[in-house]
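In what follows, a single structure is set out as structure tokens and then discussed.
The values are calculated or read from the model by the stated rules, or taken from the named source; none is laboratory data. All of these numbers come straight from a predicted model, not from anything done at the bench. Positions of Cβ are generated from backbone atoms using ideal geometry, with glycine treated the same way; all protein chains shown enter the neighbour counts. Calculation scope for accessible area: heavy atoms of the full protein, side chains included, ligands and nucleic acids excluded. Shrake-Rupley method; radii C 1.70, N 1.55, O 1.52, S 1.80 Å.
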Amino acid sequence: MHLLVCIKQVPDSGQIRVHPVTNTIMRQGVPTIINPYDLFALEAALELRDQFGGEVTVLTMGPPSAEDSLRKALTFGADRAVLLTDRFFAGADTLATTYALATAIRRISSEFGAPDIVFTGKQTIDGDTAQVGPGIAKRLGLFQLTYVGKISALDLHARTIDVERRSEGGVQLLRTRLPCLVTMLEATNQIRRGAMADALRAARATILKWSAQQAGVDDISQCGLRGSPTVVKRVFAPAARNEKATMIEPDEQPAEALINAIFRCRPALEIELAALARGY
Amino acid sequence: MNTASEIGASPSSRAAAKKQLSDRFKTYKHVWVFIEQERGQVHSVSWELMGVGRKLADKLKVDLAAVVIGQEGEASQAAATESFCYGADLVYMVADDLLKDYRNESYIKALTKLVNSYKPEILLLGATTLGRDLAGSVATTLRTGLTADCTELDVDADGSLAATRPTFGGSLLCTIYTLNYRPQMATVRPRVMPVPERCARPIGRIITLPLGLVEDDIVTKVLSFLPDRDSARSNLAYADVVVAGGLGLGSSENFRLVRRLADVLGAEFGCSRPLVQKGWVTSDRQIGQTGKTIRPKLYIAAGISGAIQHRVGVDGADLIVAINTERNAPIFEFSHLGIVEDAIRLLPILTEAFRARLSPHSRDRIAG
Ligand SMILES: Cc1cc2nc3c(=O)[nH]c(=O)nc-3n(C[C@H](O)[C@H](O)[C@H](O)COP(=O)(O)OP(=O)(O)OC[C@H]3O[C@@H](n4cnc5c(N)ncnc54)[C@H](O)[C@@H]3O)c2cc1C
Ligand SMILES: Nc1ncnc2c1ncn2[C@@H]1O[C@H](COP(=O)(O)O)[C@@H](O)[C@H]1O
């Protein structure tokens, strides 16, 4: 079985700072990590491989430094890594991203066999759109299974897959056919530590690095900034409210002062709160 | 969506992009809202979208249409009728028993068929699991732009949709346009927009299209559906009073102070994202861009700095009260009442003071 996992290298959000004067993101020195949501997808793929045999390929589109994330994925036990990197990809929105990734997946299919399941994370922590998975599925004609909490059955002879999909107000148990695309929910598994042998192999492994042309892109105008229908017009700091917060100066009885201020602002609240409050 | 790193890399080149709408897109007119049904019930995010959709349509001087896709019969009919009460000028409908359960294949078919036949300029969907699953596929099918999780929608002077959402990495928002493609698509999360007033209105024009599929055409099958138990669902998004804590509380033990105050107020409790990441609180309690959006009458935030991703989840609250030790904390920029205090010290006395203040009333109520 061939399992392909799309991972993205993202800045570690915990360490991002915004420049206090210019309001731009200060990226220098911010460490990068594999998008945390993608680790659930990677672990799900590794588990299927361990159970059914086969190979796991990890794929990322990003700057040359994204190689680090791929190598990390290899230490967890992925078998092959492909880095899609080219200045033509810069500035891609989700539509242009899915064009590039889908093109690369076609090339991977012709070299190493078509993936039975393509995995993505639920969303990224920087783009945060949850659109890239569905976009890839659509472009490659894969059946789409989003927000999957559990792969409950896989029948490689019948080529069917059963999953539990989180939906509004409940869980759908779905059956579809392979090949399909799965976006994994968070907290559904825990990424393995990775064996020593994998760490040694990862350090020496060759990572396939493809430019747009090598990946098989035939229409550069669909890549990067040019291929992106969305345009970011303005980046700005949110406005403060017209009136600043009324500050309660802490005195001997800060709690009473605060409660009085709350009910002064919203007199109706006192009655409503009394109705809501638990009787003791 | 463009990632922040790319925004940082070339804001000027993007801002310079010009609108050059090709002739084939010039016929795209009107604002559409996808009406999401959840097992025969309309998801309230749909009505929230009708409110903002009405505003956009009025500015553009075009019609607002509700798009009802679902099972043939009463529920879909009722959703259509109700759409008029929330401001629809007309309804587009695809009703078929194959649409009883949400499935990507059949719903994409229905929605893209409607779009290609009737050509809206703006298409809005709720950023629910269903809406996100559907929007991503439809936008890719139509090769158009899609802006996820918007917190504000407007049309600018030249009639383009200006979709604003928080962007990565702290206190910034960005406004995104889909200049040269149609429809301009956007998703908005539940509770970000207020529910507009419902006015009883007669049923207007309903345009129906057949789905044009038989069950054998749809590969994906729904084997079963397990509804969530009510007790498993927190009512955070719809609560009237919410008390939340952030990293300022210092430890998971101290988070109990938040729960105790919430308890006394009959409120729901919530938290900022780091607390979920640390495992102090479960993820269904997270408030903000990647958690729940709330619109309570009273929101009390203790030890929360007020990052934009948190702010967008609480901006709809009537009264925001912040407790923070740092006078310059960003949360004081958007709260209505603030107090510079140690939350660990203040929360217990605040809880007692509320209990004292409210208990006579609650006894009256029980007695009455
Ligand atoms: C893509 C993305 C999505 C995100 N989504 C969300 C989201 O949905 N929700 C969310 O909340 N965040 C989200 N974040 C994280 C967000 O940017 C902030 O990092 C986070 O909200 C900060 O949490 P905090 O305020 O609890 O912690 P901090 O920023 O560390 O703030 C702690 C505050 O407590 C104060 N304090 C310290 N001690 C005390 C005390 N004893 N008493 C009172 N005050 C005290 C400090 O002055 C400080 O203001 C997201 C980030 C990204 C990049
Ligand atoms: N540049 C990228 N390279 C590889 N995979 C990506 C990339 N961007 C997004 N993805 C995948 O798509 C998922 C959803 O991303 P997003 O739509 O940005 O929220 C992520 O969890 C990744 O699995």
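Is it true that B:GLY136 is within 15 Å of ligand 2 (Cβ to nearest atom), touching a helix residue (DSSP H, G or I) at 6+ places or on another chain (Cβ under 6 Å) and of a type outside the set (Lys, Arg)?
yes
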- [ ] List every residue pair whose Cβ atoms lie under 7 Å apart, where the two residues are 6 or more positions apart in sequence or sit on different chains, the first residue falls within segment B:58-84 and is open to solvent by 10 Å² or more (accessible area, probe 1.4 Å), and the second residue, located anywhere, is modelled with pLDDT of 95 or more and part of a helix (DSSP H, G or I).
- [x] B:ASP63/B:ALA57; B:GLN71/B:ASP97; B:GLN71/B:LEU99; B:GLU72/B:ASP97
Task: Where a residue in segment A:154-179 is without any contact (Cβ under 8 Å) to a residue 12 or more places away in the chain and within 18 Å of B:SER224 (Cβ to Cβ) and its partner, wherever it lies, is in a strand (DSSP E or B) and open to solvent by less than 30 Å² (accessible area, probe 1.4 Å), with Cβ under 8 Å and at least six apart - done: A:ASP155/A:ILE161; A:GLN172/A:ARG165
Task: Sole residue being within 14 Å of ligand 2 (Cβ to nearest atom), open to solvent by less than 10 Å² (accessible area, probe 1.4 Å) and either of a type outside the set (S, T, N, Q) or outside the structural domain of A:ALA205 (by TED's automatic domain parsing) (or both), chosen from A:LEU46, A:LEU42 - done: A:LEU42
Open item on the list: Tell me the residue from B:ASP133, B:ASP154 that is open to solvent by 10 Å² or more (accessible area, probe 1.4 Å), of a type outside the set (Gly, Ala, Ser) and on the phi < 0 side of the Ramachandran plot, please.
Closed with: B:ASP154
Open item on the list: Condition first: in contact (Cβ under 8 Å) with a residue 40 or more places away in the chain and under 19 Å from B:PRO296 (Cβ atoms). Now tell me which residues in segment B:325-352 satisfy that.
Closed with: B:ALA343, B:LEU347, B:LEU350, B:THR351
TODO: Could you tell me whether B:ILE304 is part of a loop (DSSP other than H, G, I, E, B), closer than 17 Å to B:SER335 by Cβ, more than 16 Å from ligand 2 (Cβ to nearest atom) and open to solvent by less than 10 Å² (accessible area, probe 1.4 Å)?
DONE: yes
- [ ] Counting only residues that are more than 10 Å from every other protein chain (Cβ to nearest Cβ), touching a Gly at 6+ places or on another chain (Cβ under 6 Å) and modelled with pLDDT under 95, give me the strands (runs of 3 or more DSSP E) lying completely in segment B:221-286 with at least 2 of them.
- [x] none
- [ ] Determine which single condition A:ALA137 fails, assuming it passes every other condition in (1) in a helix (DSSP H, G or I); (2) more than 11 Å from chain B (Cβ to nearest Cβ).
- [x] (2)
Task: Scope segment A:151-171; condition open to solvent by less than 10 Å² (accessible area, probe 1.4 Å) and at pLDDT 95 or above; matching residues - done: A:ILE161, A:VAL163, A:ARG165
Task: Residues of segment A:232-270 satisfying the condition of being part of a helix (DSSP H, G or I), open to solvent by 40 Å² or more (accessible area, probe 1.4 Å) and within 7 Å of chain B (Cβ to nearest Cβ) - done: A:GLU256, A:CYS265
- [ ] Answer yes or no as to whether A:ALA78 is touching a residue at least 12 places away in the same chain (Cβ under 8 Å) and open to solvent by less than 10 Å² (accessible area, probe 1.4 Å).
- [x] yes
- [ ] Any residue in segment B:102-125 that's more than 13 Å from every other protein chain (Cβ to nearest Cβ): show its pairings with residues that are among the polar types (S, T, N, Q) at Cβ separation under 8 Å, as long as the two are six or more apart or on different chains.
- [x] B:LYS119/B:THR27; B:GLU121/B:GLN184; B:ILE122/B:GLN184; B:LEU123/B:GLN184; B:LEU124/B:THR187
Task: Residues satisfying the stated conditions in segment A:96-150, i.e. in contact with a Gly (Cβ under 7 Å, 6 or more places away or on another chain) and surrounded by fewer than 24 Cβ atoms within 10 Å (Cβ to Cβ) - done: A:THR103, A:ARG106, A:ARG107
Open item on the list: As an exercise: evaluate A:GLY194 against (1) crowded, with 17+ Cβ neighbours inside 10 Å; (2) at pLDDT 95 or above; (3) away from chain B (no Cβ under 11 Å) and give the number of the one condition it does not meet.
Closed with: (2)
